[in-house]
Amino acid sequence: MELFDASCEVAIEASLNSALLKTILSKTILLKTILLLLLALCLASSASAKYSLEKAETNIIVNASGITHVEELVSYAFDGDHIDIHRELKVLPGDSIRNVKGRCSEKACKLRFESIPEGYRLIGKLPDPTPEKLTLFISYDYYGAVKFHRDVSEFSYRLWGGEWEKPLKSFKGNVILPVKSESKIQYWTHPVAYTQEANIENNVISLRTGEISSTQWYEVRAVFPRIASSGFSPVKVDDTGGLENVLATEYVYQQKNLILNSLYRKTFLFALLVLIFPLIIYYIYGREQKIDYEIIAETEVPDNSKPAVVNAIVMGKMGIPTIDGFTATVMDLVNRGYISLRNFKPEELVSLYTPESDSSNTSESDSSHNPESDPFQKPELNSSHNPGSDSSQIPESGSKDFMVELLNNEIYSEAEGSLSELEDFEKDVLYLLKIHAPERKISWKKLEKELQSGKSFYQFLTSWNKKVQAYTAFDDYFQFTGNIYMYWFARTILMASIVYYILISGFFPTKAFPLASKINVMTSLIGIFGFVIIRCSGMFIKIFGHWTPEGSLYYKQCDNFKKYLTDLSALKEHSPESIETWDSYLVYAISLGISKELLQNMSLIVPSEQLRESRFYPISSSYIISERSCENASSSSCFGDINRE
């Protein structure tokens, strides 16, 4: 009793500790969740807070001593709450800034100045709530913007810096130079693409731009008669001829602009050509030629073509068959008597399906009992199954497994001439089956598993597909000219786009030539277009190519034959008289990928007694509809039941 009580106390204490621990953990998780939510709200709030740069204006006065007085205003528009605004005043090496002053409109912010290695940083703390609009005023003296050459004075200044993360909607600038006559002033703006208006009156240069992109700068350069040096050290003085160098530099810049404008127009026209070229190729090479063909119910395959050929032309790619073509060839050899299919004998069930089978494959065995499964399951080339294991289970009623049996080995002797009527790719299938069935018989599922393992079957299919493609002579049925032209056109524009992009970026830096960025965008889109055409060339074969009259007739006949095999009413109306014809239909149904539909139709039309005479009875027997399930149902409802199975 004492032991029991002690045990209870320990259990209660452990329970309380566990409950306490859970409470602490739950509170910790709750606290972390709250913190994460608060952080997410803060991030969402900061993300939703936006601002824009409405306009900016810079007024500059250059005095006779070379000192530049600058007055700036920048107008902001805020959407949401902001903490502060920043403005950095940076100078070039050897230059300096002095007498910095600043304020916000209507005293909407408090400014403070911080020294940085490149100059100054202005930080304006914004009130709460943040005003919708605000204008920042700054003034300072800049030393070093004017150079005194032997022949002229040169003024160079960046009116709008490149540190802004937002685009500027509009800009105005005025530069007053220490001369009396405007005829003695020459000036240039960079990048010239931003300048919308520029004029000079007396000694004042007036500038106006449209939108200036984010991280982009805008500057002015002017030369005017040399003014006397005051000897003030921050003013740069040299004895070289400045005008000649400046004119040469600006001439190169102007020529590059002219070239770039021409390249932009040509790139735009080329982009239009890239879009129009596929339409031209389709118009010339892609349109199907009209043929005289009345749509009728085709009850047989055209020209008695081999199943692999039908598959390669109708279902394949460029005359290369699919795996259904290989399966159809196997079944065609069955139909022609080179191979036989039969159900298992009792002693074969014991030997082939042992109790030692791996239980992990039970689901696979169960799936074989499902009437929805395909009796012609395609071998997976990259299967991870162990080739040495036989994991099949003893098949129950309705199983799709059966025995594949070959004829005597003498049939493989060329001297006997037994295979003379077979094509090379058909002989290859027989030899492949012989390798996997040394005793002239093998389970269909076991054959599938052996083909799934290793790379030998993949290598076989690669070689086999080439033989079928050569035998098919697909070029007689389909013209690839348009698709070939599109492929090489796509490769050409892709390579040209890469080279063109590199050249444009190298010779025309986007900071100095904003138009180059537009050319690069168009070039990138052209390159992407070419890449997509190359990668998806297989999807465009029937768009840019076309069937020959012979191929168009053949394809339509095969397509109508396919519709006939899947149309229950048409099969009933033009029902084959012999089971041999049904067997032939099944072979071609496999090559056309409609074997299941035809087997369902056969189960509804062909009598059970006649169906037992089929070479494919081990397969077709799985699709026989029991009289019990359809005893009081119409044929259409029975057909619906099959589709739902």
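Please find, among T130, T135, the residue that is open to solvent by less than 90 Å² (accessible area, probe 1.4 Å), touching a strand residue (DSSP E or B) at 6+ places or on another chain (Cβ under 8 Å), of a type outside the set (D, E, K, R) and within 30 Å of Q196 (Cα to Cα).
T135
Condition check: open to solvent by less than 70 Å² (accessible area, probe 1.4 Å) and either in contact with a Cys (Cβ under 7 Å, 6 or more places away or on another chain) or modelled with pLDDT of 85 or more (or both). Does Q216 satisfy that?
So Q216 fits the description; yes.
Filtering the range 434-447 to residues that are outside any loop (DSSP other than H, G, I, E, B), touching a residue at least 12 places away in the same chain (Cβ under 8 Å) and under 17 Å from L333 (Cα atoms) leaves K434, H436, K441, I442, S443, W444, L447.
Suppose the filter is under 25 Å from Y157 (Cβ atoms), in contact (Cβ under 8 Å) with a residue 40 or more places away in the chain and open to solvent by 80 Å² or more (accessible area, probe 1.4 Å); does R226 pass it?
yes
Residues in the range 487-500 that are open to solvent by less than 20 Å² (accessible area, probe 1.4 Å) and without any contact (Cβ under 8 Å) to a residue 60 or more places away in the chain: A490, S497. Applying a threshold of 9 Å to beta carbon distances and a minimum spacing of six or more residues, or different chains, the list of pairs starting in the range 304-332 at a residue that is in contact (Cβ under 8 Å) with a residue 24 or more places away in the chain and ending at one that is open to solvent by less than 10 Å² (accessible area, probe 1.4 Å) and acidic (D, E) reads K306/E426; A308/E426; T329/E426; M331/D583; D332/E426.
Output the residue which, of all residues in the range 471-486 that are open to solvent by 40 Å² or more (accessible area, probe 1.4 Å) and in a helix (DSSP H, G or I), is nearest to P307 (Cα to Cα). Restricting to residues being open to solvent by 40 Å² or more (accessible area, probe 1.4 Å) and in a helix (DSSP H, G or I), the top hit is Y471. Listed by first and then second residue, the pairs linking a residue in the range 558-585 that is under 17 Å from L604 (Cβ atoms) to a residue that is of a type in the set (G, A, S) and loosely packed, with under 13 Cβ neighbours inside 10 Å, with Cβ atoms under 9 Å apart and 6 or more places separating them unless they lie on different chains, are L568/S636. For the range 501-517, taking the residues that are free of Cβ contacts under 8 Å to residues at least 40 places away in the same chain, assigned to a helix (DSSP H, G or I) and touching a helix residue (DSSP H, G or I) at 6+ places or on another chain (Cβ under 8 Å), the one that is surrounded by the fewest Cβ atoms within 10 Å (Cβ to Cβ) is identified as S505.
When the range 580-619 is filtered for residues that are farther than 17 Å from P302 by Cα, of a type in the set (V, I, T) and either part of a helix (DSSP H, G or I) or in contact with a Ser or Thr (Cβ under 7 Å, 6 or more places away or on another chain) (or both), the ones remaining, listed by number, are I594, I605, I619.
Exactly one residue out of E294, E298 is modelled with pLDDT under 95, open to solvent by 80 Å² or more (accessible area, probe 1.4 Å) and within 30 Å of Y555 (Cβ to Cβ), and it is E294. Taking the conditions (1) modelled with pLDDT of 80 or more; (2) among the small types (G, A, S); (3) closer than 24 Å to E597 by Cα in turn, S368 satisfies each one other than (1). Of all residues in the range 188-212, those being surrounded by fewer than 19 Cβ atoms within 10 Å (Cβ to Cβ) and either within 19 Å of E71 (Cβ to Cβ) or free of Cβ contacts under 8 Å to residues at least 24 places away in the same chain (or both) number 12. I624 meets all of the listed conditions (1) at pLDDT below 85; (2) open to solvent by less than 60 Å² (accessible area, probe 1.4 Å) but one, namely (2). Scanning the range 451-470 for residues that are part of a helix (DSSP H, G or I) and open to solvent by 50 Å² or more (accessible area, probe 1.4 Å) yields S456, Y458, Q459, T462, S463, K466, K467, Q469, A470. Looking only at the range 590-617, which residues are open to solvent by less than 40 Å² (accessible area, probe 1.4 Å) and under 35 Å from the mean Cα position of the chain (by Cα)? Scanning the range 590-617 gives I590, S591, L592, I594, S595. Take the residues of the range 167-187 that are within 9 Å of N202 (Cα to Cα) and of a type outside the set (V, I, T): which is surrounded by the fewest Cβ atoms within 10 Å (Cβ to Cβ)? Within the range 167-187, the match that is surrounded by the fewest Cβ atoms within 10 Å (Cβ to Cβ) is S183.
Yes/no per residue for (1) part of a helix (DSSP H, G or I); (2) among the basic types (K, R); (3) in contact with a Leu (Cβ under 9 Å, 6 or more places away or on another chain):
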{"position": "I259", "(1), (2), (3)": "yes, no, no"}
{"position": "L279", "(1), (2), (3)": "yes, no, no"}
{"position": "I291", "(1), (2), (3)": "no, no, yes"}
{"position": "I295", "(1), (2), (3)": "no, no, no"}
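The helices (runs of 4 or more DSSP H) falling completely within the range 539-579 that include 3 or more residues that are within 19 Å of N335 (Cβ to Cβ) map to 549-566. Scanning the range 410-429 for residues that are at pLDDT below 90 and of a type in the set (A, V, I, L, M) yields I411, A415, L419, L422. Is one or more of the residues making up the range 317-327 assigned to a helix (DSSP H, G or I), out of contact with any helix residue (DSSP H, G or I) (no Cβ under 6 Å at 6 or more places or on another chain) and of a type in the set (F, W, Y)? Yes: the range 317-327 contains one or more residues that are assigned to a helix (DSSP H, G or I), out of contact with any helix residue (DSSP H, G or I) (no Cβ under 6 Å at 6 or more places or on another chain) and of a type in the set (F, W, Y).
Across the range 310-330, what is the total count of residues that are open to solvent by 20 Å² or more (accessible area, probe 1.4 Å) and not basic (K, R)? So the answer is 7.
Filtering N560, N520 for residues that are touching an Asp or Glu at 6+ places or on another chain (Cβ under 6 Å) and either open to solvent by 60 Å² or more (accessible area, probe 1.4 Å) or at pLDDT 90 or above (or both) leaves a single hit, N560.
Okay, residues lined up against (1) under 22 Å from I205 (Cα atoms); (2) open to solvent by 50 Å² or more (accessible area, probe 1.4 Å); (3) not aromatic (F, W, Y):
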{"position": "P93", "(1), (2), (3)": "no, yes, yes"}
{"position": "L111", "(1), (2), (3)": "no, no, yes"}
{"position": "V146", "(1), (2), (3)": "yes, no, yes"}
{"position": "R150", "(1), (2), (3)": "no, yes, yes"}
{"position": "R158", "(1), (2), (3)": "yes, yes, yes"}
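Taking (1) under 26 Å from the mean Cα position of the chain (by Cα); (2) over 28 Å from T481 (Cβ atoms); (3) open to solvent by less than 80 Å² (accessible area, probe 1.4 Å) in turn, F268 satisfies each apart from (3).
The values are calculated or read from the model by the stated rules, or taken from the named source; none is laboratory data. All values derive from a computational prediction rather than experimental measurement. Note that we place each Cβ from the backbone using ideal geometry, even for glycine, and neighbour counts take in every protein chain shown. Just so you know, the surface numbers come from the protein's heavy atoms only, side chains and all, with ligands and any DNA or RNA stripped out. Shrake-Rupley method; radii C 1.70, N 1.55, O 1.52, S 1.80 Å.
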